[in-house]
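Written below as C-alpha cells is the structure these notes are about.
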Ligand code: 5RP
C-alpha cells in the first residue's frame with residue numbers, strides 16, 4: 001500500500017453514519033473517496049458527500065455516494081482533503097490540483113477539517129511549492145505583470161503548450177514561485193486585497209487534524225487552537 005492510500009483509508013475511518021462530508025480533490029483524496037465508496041457499499045454507511053471539484057463529484061457518484069451541492073446542505077460535519085505543503089504552524093498551500101476555490105469554500109463551512117498527506121509535504125516554511133492564485137481572466141495579464149514587479153516570479157498554469165489551464169469555475173491560475181514565504185498571514189491578506197484575484201492557495205490555520213503517511217504507518221497530529 002502506498003502512503004497516499006494509507007492516509008486516505010485512515011481518514012475515511014473518521015467518517016460516521018449520518019455525516020455530511022466534504023470530499024477533497026487530488027491523488028490522495030482519491031483514495032479516501034474510494035474507501036468511503038467501499039464503506040457505503042459494504043457497511044451501508046449513510047453519508048452525504050459535498051464535492052470540491054467535478055472530478056471528485058464524478059468519482060463519488062460512480063461509487064454510489066450520495067452527493068449534494070454545497071448550497072443544498074445545512075452544514076458540513078467534516079472535510080477530508082489533501083495538501084501540497086503544511087508548515088509546523090498548520091498553515092498550508094493547496095491548489096496543486098487547481099481546485100483551491102471550491103476547497104476553501106467547503107473547508108470554511110466545515111466543522112472539522114482533516115488533511116491527508118505523505119511525509120514529504122511537511123515543511124519548515126511554506127513556499128517551495130508554487131503558490132496557486134486563481135484569477136479572473138479579464139485583466140489577468142495586468143495582474144501577471146503586477147506579480148512580476150513584486151518579484152513573485154509568476155507563471156501561468158498551462159493545460160497544453162498554448163492553452164491555459166482553467167479551473168472548474170472557468171478562471172485561470174497564476175502560480176507564484178516564491179521559494180520561501182516568511183509571513184503567510186501577511187501574504188494572504190495582500191492577495192485577498194488584490195483586485196482580480198478570486199482566491200489563493202494559502203490555507204492558514206484552517207485544519208484541525210493532519211494525517212501524515214510515514215513508512216511505518218499513519219501519524220496523526222492535532223492542531224490545538
Ligand atoms: C487540489 C489540492 C490537492 O489537495 C493538493 O494539490 C494535493 O494533491 P495530491 O494529493 O494529488 O498531492 O489542493 O487543488
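Scanning the range 120-158 for residues that are in contact (Cβ under 8 Å) with a residue 60 or more places away in the chain and assigned to a strand (DSSP E or B), which turns out farthest from the chain's Cα centre (by Cα)?
135
Considering the range 89-119 alone, what residues qualify as being part of a loop (DSSP other than H, G, I, E, B) and away from the ligand (no atom under 16 Å from the Cβ)? Write out each step before concluding.
We begin by selecting, within the range 89-119, every residue part of a loop (DSSP other than H, G, I, E, B); these are 89-90, 94-99, 109.
Of everything in the range 89-119, those that are part of a loop (DSSP other than H, G, I, E, B) and away from the ligand (no atom under 16 Å from the Cβ) turn out to be 89, 109.
Please name all residue pairs, on different chains or six or more residues apart, with Cβ atoms under 6 Å, provided the first residue is in the range 45-70 and is farther than 13 Å from residue 20 by Cβ and the second residue is away from the ligand (no atom under 14 Å from the Cβ) and part of a helix (DSSP H, G or I).
As it stands, the answer is 63/37; 64/40, since those pairs meet every condition given.
Of all the strands (runs of 3 or more DSSP E) wholly in the range 1-88, which have at least 3 residues that are within 13 Å of the ligand (Cβ to nearest atom), closer than 19 Å to residue 112 by Cβ and under 14 Å from the mean Cα position of the chain (by Cα)?
In the range 1-88, 76-81 are the strands (runs of 3 or more DSSP E) which contain 3 or more residues that are within 13 Å of the ligand (Cβ to nearest atom), closer than 19 Å to residue 112 by Cβ and under 14 Å from the mean Cα position of the chain (by Cα).
Here is a yes/no grid of residues against (1) farther than 14 Å from residue 203 by Cβ; (2) surrounded by 22 or more Cβ atoms within 10 Å (Cβ to Cβ):
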residue	(1), (2)
99	no, yes
103	no, yes
108	no, no
113	no, yes
117	no, yes
120	yes, no
135	yes, yes
141	yes, no
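All of the numbers you see were taken from the coordinates with simple rules; none came from a lab. No experiment lies behind these values; they were computed from the predicted model shown. Cβ atoms come from the backbone with ideal geometry, glycine included; neighbour counts cover every protein chain shown.
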